[in-house]
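Below is one structure, written out as structure tokens; comments come after it.
The values are calculated or read from the model by the stated rules, or taken from the named source; none is laboratory data. Keep in mind that what you see is a predicted model, and the values were worked out from it rather than measured. No Cβ is skipped: glycine too gets one built from the backbone with ideal geometry, and neighbour counts run over all protein chains shown.
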Amino acid sequence: MSEQGKRASERRGKSSDLVLYRCPTRTNVLCPCGAVARRLGKLELSYRTERVPYRRNSRPEIEELTRQRRVPVLVDGDEVIHDSKRIVQYLDWKYGKELEDRKRARKAKAEKRKADEKKTEKRRSEKRKSEKRKLEKETAKAGGEDDD
């Protein structure tokens with residue numbers, strides 16, 4: 001077994017580590033690897049990127065993982081998924097619910113903060129009105145004493 005193959009086997013053994021094997025393209029727009037990277041970002045998942053050479057015959061670790069030389073390949077613990085569409089489906093299936101739960105939690109937190117701010121503003125407004133009435137009474141009282 002080659003040195004790269006041993007490293008790929010070791011990586012496969014780690015559980016719950018996401019590793020994306022992708023082409024060396026710098027952008028996430030031009031290739032299927034980028035589509036997977038965008039989805040990982042959208043799902044707010046942490047992952048490690050392994051860039052492989054453009055030349056397919058220079059990708060022994062990919063061939064060992066999937067028996068083919070094409071990327072992207074996602075390794076999630078013991079799961080090895082290849083083909084960008086399948087990877088995106090897998091990510092949505094496995095992690096999509098977590099994203100929805102996080103979104104709901106953030107929304108609930110924002111709504112609570114907004115309600116708290118509204119209560120605080122209402123208390124401040126009532127306090128200002130109370131102070132204004134108190135000041136008016138004192139002014140009226142002082143004005144009435146001046147007439148005597």
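Tabulated data
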| quantity | calculated |
| --- | --- |
| Residues that are without any contact (Cβ under 8 Å) to a residue 40 or more places away in the chain, surrounded by fewer than 17 Cβ atoms within 10 Å (Cβ to Cβ), within 16 Å of the chain's Cα centre (by Cα) and in a helix (DSSP H, G or I), drawn from the range 23-63 | Arg38, Gly41 |
| Filter result for Gly143 (among the small types (Gly, Ala, Ser) and within 23 Å of the chain's Cα centre (by Cα)) | no |
| Residue pairs meeting the criteria (Cβ under 8 Å; at least 6 apart or on separate chains; first within 12 Å of Leu43 (Cβ to Cβ) and of a type in the set (A, V, I, L, M, F, W, C), in the range 94-115; second outside any helix (DSSP H, G or I) and at pLDDT below 90) | Leu99/Leu43; Leu99/Glu44 |
| Test: Glu138 is of a type in the set (Asp, Glu), surrounded by 10 or more Cβ atoms within 10 Å (Cβ to Cβ) and within 30 Å of Gly41 (Cα to Cα) | no |
| Residues being among the small types (Gly, Ala, Ser) and at pLDDT 90 or above - total across the range 1-49 | 5 |
| Output for the range 71-82, where each listed residue is without any contact (Cβ under 8 Å) to a residue 24 or more places away in the chain and buried (at least 16 other Cβ atoms within 10 Å of the Cβ) | Ile81, His82 |
